[in-house]
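Q: Pasting a structure here, questions to come.
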Amino acid sequence: MIDGHSHEGPPPRLTLRGVVKRYPGVLANDHVDLTLEPGEIHALLGENGAGKSTLVQIVYGVVKADAGEMRWNGRPVAIDGPAAARALGIGMVFQHFSLFETLSVAENVALGLETGAADMAALSERIADVSTRYGLTLDPGATVYDLSVGERQRVEIVRCLLQDPQLLIMDEPTSVLTPQEADQLFETLRRLAREGRTILYISHKLDEIRRLCDRATILRGGKVVAACDPREETAQSLARLMIGVDVSPTRRADGGADQIGDELLRVEGLSMPAANPVSTPLKGVRLSVRRGEILGIAGVAGNGQNTLLAALSGELPAPRVDAIRFEGRPIGLLGARARRDLGINFVPEDRLGHGAVADLSLADNALLSGWRRWSLVRRGLVSFAKSKERAEHVVERFAVAAPGAHAAARSLSGGNLQKFIIGREILQNPKLLIAAHPTWGVDAGAAAAIHKALLHLAAEGAGLIIVSQDLDELFTLADRVAVICAGRLSESRPAHEVTAEEVGLMMGGLFDAAIVRGGGAPSETGDARHGG
Amino acid sequence: MAAEGAFGIRLERRPAPSRAMLLATPPLAVLLTVLAGAILFAAMGFDPLETLRAYFVSPLTSLYGWGELAVKATPLAIIAIGLALGFRGNVWNIGAEGQLTLGAICAGGLALAVYGHEGPWLLPLMMLAGAAGGLAYAAIPAYLRVRFNANEILTSLMLTYVAGLLLSYLVTGPWKDPEGFGFPQSRLFNPEALLPIVLDGTRMHLGAPLALCVVLAGWLVVARTLIGFQIKVVGLTPIAAGYAGFSQARIIWFTLLLSGGLAGLAGAIEVSGPIGQLQPAISPGYGFTAIIVAFLGRLHPVGVLLAALLMALSYLGGEQAQIELGLPLAVTGVFQGMLLFFLLASDFLTHYRVRRTASTPAAAG
């Protein structure tokens, strides 16, 4: 079709044969074979550290393979760098955007074009043209600073599309998007595929892959372990292929609701300035958690989650003592240590550098948060033997893959460190556990273990607050769900009464319409808000 | 747009610096300093081996020399233990010299105030007065840092010069020896105000065993106590310290007051030990040299003790080389500076590696 070759059918868009990449101590890619056909959306699936990133970086020329063969449209090629990859017709949209916030969309696109673009007017026209053709609503004159995350991603995609790529690599594109934005993105990707372009789609989200992709290649430990049609698989079977063992479902037991007890935490009228210049201030936040209950807080990152978490954990005490009550007692002004003494434990979003000190051993990191609840300090002297014991206990109970309590926190993989931190907090028998993104960037096996531990904690009568962007996770765990947007928190509602769609709308700031007004249809423009 | 065939140098952070390298860098830095010193001496027209012998070996050929080593190492170790604790917590007290001066003023002032009425109670009180003086002086940068977030490096350093001028004023004015023929110095203290000699035939005084106690206490704080752990966490990751509920302000107060107090104690030891009176200059820069000692000792009390001995030797060697070969005394400063330079350089290379980057040969290749 595109190349008009003599042999039957077009050659595959890209063929990898026996690709090997070795890093000190790790075989990141072990004789990987991959074939991408024109016009297909191909999923690359695997746990953290399975070798997906390395493979994609080899294709995009960022990393050089140690061995193996690469054919582009049937011809052997060697890709020396991203520029060479783009010249062939390979585009990539990274998880983290590289945009200048103070420049306009068109200017950002111009900066990314190799050929240079002297004529901004013509470029703006091309941008408008591409964005209407693929349903990527975008104003070329808008300043990036004003754009939402989803719109910023569109800028990156348009930048790739202007190069007319035959292969577009998307790295975890929906991790920052609301469900509606994700749906729009899928529509765009399907249109691109219909034109004969190939999409290589990297994701953790099994449901997404089943909805979107035509084929999936699954990596485990650097090797290709399976290739399948994800539409014919279940999320369970894909997860099994990915991690090699059965993942037990972590649905809450139906009886869970019976065990919910009296009120544990009440927050009322909590307004406070942002935790730091890049966070969002809180406006009149109200919430309550009962014993044995899991409250899920959804929201797109950067909508006040950090400030709320700091206020709840005590790292940034509230402005008024009665803004936060725990077991009826006003605790708004108490600091992190005093709140932990009361039984409020916290799992922050950042594992390294917040929840754990990278250079210290696991034993020292056990001491970090557990020194009071575990009585690890007597008369100012630390018992390192006891800290080590506690750390070993956490490692054992939560199946943390670590050589021992002496291992430095930074030597653990993200998922294992997360298991350690969650285990450390849970084994302190908290009455209230606040967890931010408990399974962010964690592979499916570890995520299942973490979910199980959190549910078990709630079943034992602790209250939990889970802040997450991952709606699947929230619906798996939470009894009630609330949404945070622009520093305001919606009323919480029983998880079985709200749909993911509604939550998605609220994440986009429409929760006045969606919830306060009794869950009616949201207004198109969002000006259903109270005047003011 | 990179020029073809251009070479560049790129610094790359090593994933994890090896522990062996971290321990090996101080001896390596010493070795490099000796080598560079030899080259320097040769360039000046001296026989390098002879000069190095005069510098590093001659001072230690007599018992008296060893005693002198202890006399010089005593203030360095005491001050550096306090500084090292602060540095571990990212609290940069650069003004130990000023705190030492204040300690000397308080201890010396006490000795002068009770002149003629001394008793055995005086020495302990002088030590306390010295420590209190240094502590109070370090409280100024601590307050400014906690209250106004003023950089303690600048405030503590600037206060050093204030302390020096205060001492000059005192010894040229109110506290001047009435029988001192107008020399800017105080009376000589009476024997009750002087630290007893612990090793006959030398000047080694009670301050030396005191310094060993400080080193031991420093080790206890670093290795065994909660406050030592808190300092470490605040220094490594302030956000994690906030998570644990460790107060950064408390750590700033604690480390600045402790290092100030220890510097003040060193000042008291100096005036009641080798000097025996107040003079316009009571320290050959011990407060600054102790910064090098703290780093050379890897901020660890045992390392600090060894580093203090080495730096003390550099003072002695400088004097010896001046006497034997007529080298300028400034060579001591040069040696100390080179040592710090090589230490920082090898430290840097332990954490980073230098990569030569050659832009890929033109597309044809």
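The values are calculated or read from the model by the stated rules, or taken from the named source; none is laboratory data. Please read all numbers here as calculations on a predicted model, not as lab measurements. Virtual Cβ from ideal backbone geometry, glycine too; neighbours counted across all protein chains shown. Heavy atoms of the whole protein, side chains included, go into the accessibility calculation; ligands, DNA and RNA do not. Shrake-Rupley method; radii C 1.70, N 1.55, O 1.52, S 1.80 Å.
Q: Using unit Cβ charges (K, R positive; D, E negative) and no other charged atoms, how large, in debye to the nearest 20, is the dipole of segment B:164-278 about its Cα centre?
A: In debye, rounded to 20, segment B:164-278 gives about 460.
Q: With N denoting the number of residues in segment B:1-152, provide Rg(C-alpha) divided by 2.2 N^0.38 Å, to two decimal places.
A: So segment B:1-152 has a normalised radius of gyration of 1.59.
Q: If you don't mind, there's one more thing I want to ask. Name the residue from A:Leu161, A:Tyr201, A:Asn108 whose Cα lies farthest towards the positive end of the charge dipole of segment A:63-213, charges +1 on Cβ of Lys and Arg and -1 on Cβ of Asp and Glu.
A: Result: A:Tyr201, furthest along the dipole toward the positive end.
Q: Any idea what angle helix B:207-224 forms with the longest principal axis of chain B, computed on alpha-carbon atoms, 0 to 90 degrees, nearest 10?
A: 40 degrees
Q: Another question about this same structure. Give me the Debye-computed log₁₀ of I(q)/I(0) at q = 0.15, 0.23, 0.26 Å⁻¹ for segment A:321-384, equal point scatterers on Cα only, no solvent, two decimals.
A: For the requested q values the scattering log ratios are -0.58, -1.02, -1.12.
Q: In a Debye calculation with equal point scatterers on the alpha-carbon sites of segment A:14-243 and no solvent, what is log10 I(q)/I(0) at q = 0.12, 0.14, 0.16, 0.17 Å⁻¹?
A: Rounded to two decimals, the profile gives -0.66, -0.89, -1.14, -1.26.
Q: Next question. Modelling each spin label as a point 7 Å along the Cα-to-Cβ direction, I'd like the A:Lys431/A:Val62 distance in nm, to one decimal.
A: 4.7 nm
Q: Report the calculated FRET efficiency for B:Tyr161 and A:Ala84 (r = Cβ-Cβ distance, R0 = 56 Å), to the nearest 0.05. Display every interim value, and only then the final one.
A: Working: r = 60 Å, r/R0 = 1.08.
Taking R0 as 56 Å, the efficiency between B:Tyr161 and A:Ala84 is 0.40.
Q: Across bins of 10 angstrom width beginning at 0, how are the C-alpha pair distances of segment A:351-429 distributed, in whole percent?
A: 22, 59, 18, 1
Q: What accessible area, summed over both chains, is buried at the A-B interface (1.4 Å probe, Å², nearest 100)?
A: Summing both sides, the interface buries roughly 1800 Å².
Q: A follow-up question, please. Would you mind calculating the gained length between A:Glu232 and A:Asp146 on full extension (0.36 nm times residue separation, minus the Cα-Cα distance), in nm to one decimal?
A: Between A:Glu232 and A:Asp146, full extension yields an extra 26.9 nm.
Q: Given the whole protein assembly as supplied and a 1.4 Å probe, what does the accessible area of B:Leu226 come to in Å², nearest 10?
A: For B:Leu226, solvent-accessible area is about 20 Å².
Q: Taking a probe of 1.4 angstrom, what is the accessible area of A:Glu195 in Å², to the nearest 10?
A: Around 90 Å² of this residue is reachable by solvent.
Q: So how long is each side of the protein assembly as shown along the principal axes, counting just the alpha-carbon atoms, biggest first, in Å?
A: Between the extreme Cα coordinates on each principal axis of the protein assembly as shown lie 107, 74, 54 Å.
Q: Further question on the same structure: From the gyration tensor of the Cα coordinates in chain A, what semi-axes in whole Å does the equivalent ellipsoid have, largest first, with each one equal to sqrt(5λ)?
A: Values for chain A, descending: 42, 30, 21 Å.
Q: Taking a probe of 1.4 angstrom, what is the accessible area of A:His96 in Å², to the nearest 10?
A: Taking all protein chains as shown, A:His96 has close to 150 Å².
Q: Using Cα centres only, tell me the gap between segment A:327-348 and segment B:263-317 in whole Å.
A: The distance from the Cα centre of segment A:327-348 to that of segment B:263-317 comes to 46 Å.
Q: Taking K and R as +1 and D and E as -1, what net charge do the other residues with C-beta under 10 Å from the C-beta of B:Gln277 add up to?
A: After counting each charged neighbour, the total is 0.
Q: Separate question: Once you place label points 7 Å from the Cα toward the Cβ at A:Arg17 and B:Leu212, how far apart are they in nm?
A: Here the modelled spin labels are 7.6 nm apart.
Q: First compute the accessible area of the protein assembly as shown with a 1.4 Å probe, then give the percent of it belonging to carbon and sulfur atoms.
A: Values: 23190 of 39360 Å².
Solvent-exposed carbon and sulfur of the protein assembly as shown make up 59 percent of the total.
Q: Which of the aspartates and glutamates could a cross-linker bridge to A:Lys431, judged by Cα under 16 Å and excluding same-chain residues fewer than eight apart?
A: Those aspartates and glutamates meeting the cut-off are A:Asp262, A:Glu263, A:Glu293, A:Glu327, A:Asp341, A:Glu460.
Q: On a 0 to 90° scale, report how tilted helix A:179-194 is relative to the longest principal axis of chain A, with both axes built from alpha carbons and the result rounded to the nearest 10.
A: Roughly 20 degrees between the two axes.
Q: Also: Along the charge dipole of the protein assembly as shown, which of A:Gln305, A:Trp440, B:Val233 sits closest to the positive end, that is, farthest toward it, with unit charges on the beta carbon of Lys, Arg, Asp and Glu (+1, +1, -1, -1)?
A: B:Val233
Q: Determine, for each peptide in B:123-135, B:198-210, the mean count of other beta carbons within 10 angstrom over its residues, then list the peptides with the highest first.
A: Values: B:123-135: 23.4, B:198-210: 17.2.
Ranking, from highest mean packing down: B:123-135, B:198-210.
Q: Setting aside same-chain residues fewer than 8 positions from A:Lys205, which lysines have a Cα under 24 Å from its Cα?
A: A:Lys52, A:Lys223, A:Lys419, A:Lys452
Q: Per residue, what accessible area does chain A have, given a 1.4 Å probe and all protein chains present, in Å²?
A: Details: 22740 Å² over 532 residues.
Value returned for chain A: 43 Å² of accessible area per residue.
Q: Could you point to the residue in B:Gly109, B:Leu76, B:Leu122 farthest towards the positive end of segment B:1-158's charge dipole, with +1 and -1 charges on the Cβ of Lys/Arg and Asp/Glu respectively?
A: Final value for the positive-end residue is B:Leu76.
Q: Quick one: if you stick a label point 7 Å off each Cα along the C-beta vector at A:Arg191 and A:Arg320, how many nm between them?
A: A separation of 5.0 nm, rounded to one decimal place.
Q: Enter the mean projected area of the convex hull around the alpha-carbon atoms of chain B, in nm², rounded to one decimal.
A: If you wrap the Cα atoms of chain B in a convex hull and average its projections, you get 24.7 nm².
Q: Let me ask another. With axes computed from alpha carbons, what is the tilt in degrees of helix B:301-325 against the longest principal axis of chain B, rounded to the nearest 10 within 0 to 90?
A: Here the helix axis deviates by roughly 80 degrees.
Q: Identify all aspartates and glutamates with a Cα-Cα distance to A:Lys388 below 18 Å; exclude those on the same chain that are fewer than 8 residues away in sequence.
A: Here the aspartates and glutamates satisfying the reach criterion relative to A:Lys388 are A:Asp359, A:Asp364, A:Glu396, A:Glu425.
Q: Now a separate question. At 222 nm, what helix-only mean residue ellipticity would chain A give, in deg cm²/dmol to the nearest 500, using -39500 (n - 2.57) for each DSSP H run of four or more? Provide the component values of the computation, followed by the final result.
A: Numbers: 16 runs with 163 residues, N = 532.
The per-residue figure over chain A is -9000 deg cm²/dmol.
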